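Notes to accompany the following structure.
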Amino acid sequence: MIGQFISIEGIEGAGKSTQLAFIQRYLIEKGIKLVVTREPGGTDLGEQIRTLLLTPTETAMAVDTELLLMFAARAEHIEQVIKPALERGDWVLSDRFVDATFAYQGGGRGIDIQRISTLSDWALKGLQTDVTFLFDLPVELGQQRVINRNQGIDRFEQEKVDFFQRIRESYLSRAQHEPNRIKVIDASKSIVEIEQQLATLLDNLIIN
Ligand code: TMP
């Protein structure tokens, strides 16, 4: 069996961390060798870039800087972690990948999608996820969950509701265009229902 590349996506408060832990447990129980990683990050250099990206700054970061830093971290991640794992036959489970850039920097920040596509073609060199689970929920609900988490707020979480609304719409429109790769999961459902849906989708991936 060749390695499968899975990513999970969603706006803040969509419950990604809980679901990531479930997917990890489920696949390991099935005997799959799995590398769990995240973006931005996943490598030493990538984690340093993550800190730059998430730390609130007094002067706003230029949107192109943000975009290029995302791809810089991703280039390192692909070379050091993702490609070697898939070539070994391991599976990769990444908390976010390139769909996040189209949604956040494209939808959220308003950068022309064509420019992001050009960078994506250049950095990914044909690599794409086999399946992406998009955890979708109303923005207000996600924001409430972030507040209840009672942790510090990062540079993205400081943004207003309409920023996340554009991101949500952008994710959903990508899912509509690529229904075979991007599976939308209603993150406002109960954990049990979400886990059942994930188990079915993961079983399909294991069989194929
Ligand atoms: P996290 O909340 O999933 O840990 O991700 C960190 C933040 O980085 C989150 O607000 C989404 C943002 N992000 C982008 O804006 N573009 C990207 O390409 C990625 C991977 C993350």
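Assuming R0 = 30 Å, can you tell me the calculated FRET efficiency for the pair residue 51 and residue 178, based on Cβ-Cβ distance, to the nearest 0.05?
Working: r = 31 Å, r/R0 = 1.04.
So the FRET efficiency works out to roughly 0.45.
Please state the relative contact order of the chain as a whole percent: Cα pairs under 8 Å, 6+ residues apart? Walk me through the numbers on the way to the answer.
Numbers: 282 pairs, mean separation 67.5, N = 208.
Relative contact order, the chain: 32 percent.
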Any lysines whose Cα falls less than 18 Å from that of residue 183, other than same-chain ones fewer than 8 residues away, would be 16
Here the FRET efficiency for residue 191 versus residue 165, based on Cβ atoms and R0 = 30 Å and rounded to 0.05, is 0.75
Once residue 33 and residue 128 are pulled to full extension, the length gained, defined as 0.36 nm per residue separation minus their Cα-Cα distance, is 32.3 nm
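Could you list the trypsin sites (Lys or Arg not before Pro) in the stretch 101-143 that lie in coil according to DSSP, counting only those with at most 10 other Cβ atoms within 10 Å of their Cβ? Numbers along the way, then the final one.
Working: sites: 109, 115, 125; in loops: 109, 125.
When the trypsin sites (Lys or Arg not before Pro) of the stretch 101-143 are filtered for loop state and at most 10 Cβ neighbours within 10 Å, 125 remain.
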With +1 on the Cβ of every Lys and Arg and -1 on the Cβ of every Asp and Glu, the dipole magnitude of the stretch 80-196 about its Cα centre, in debye rounded to the nearest 20, is 240 debye
At R0 = 25 Å the Cβ-Cβ FRET efficiency linking residue 58 and residue 150, nearest 0.05, sits at 0.55
Listing 59, 18 by rising number of other beta-carbon atoms within 10 angstrom, fewest first, gives 59, 18
Computed about the Cα centre, the charge dipole of the chain from +1 Lys/Arg and -1 Asp/Glu charges at the Cβ has a magnitude in debye, to the nearest 20, of 240 debye
Residues whose modelled amide H sits under 5 Å from the amide H of residue 7, counting only those 5 or more places away in sequence or on another chain, are 94, 131, 132, 133
Dipole check, the stretch 5-207, charges on Cβ (K,R +1; D,E -1), about Cα centroid: among 132, 201, 21 the Cα furthest to the positive pole belongs to 201
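Values in this text are rule-based calculations from the coordinates and carry no lab data. Remember, it's a predicted structure, so these values are computed and weren't measured experimentally. A quick note on method: Cβ atoms are made from the backbone with ideal geometry, for glycine too, and the neighbour counts reach across all protein chains shown.
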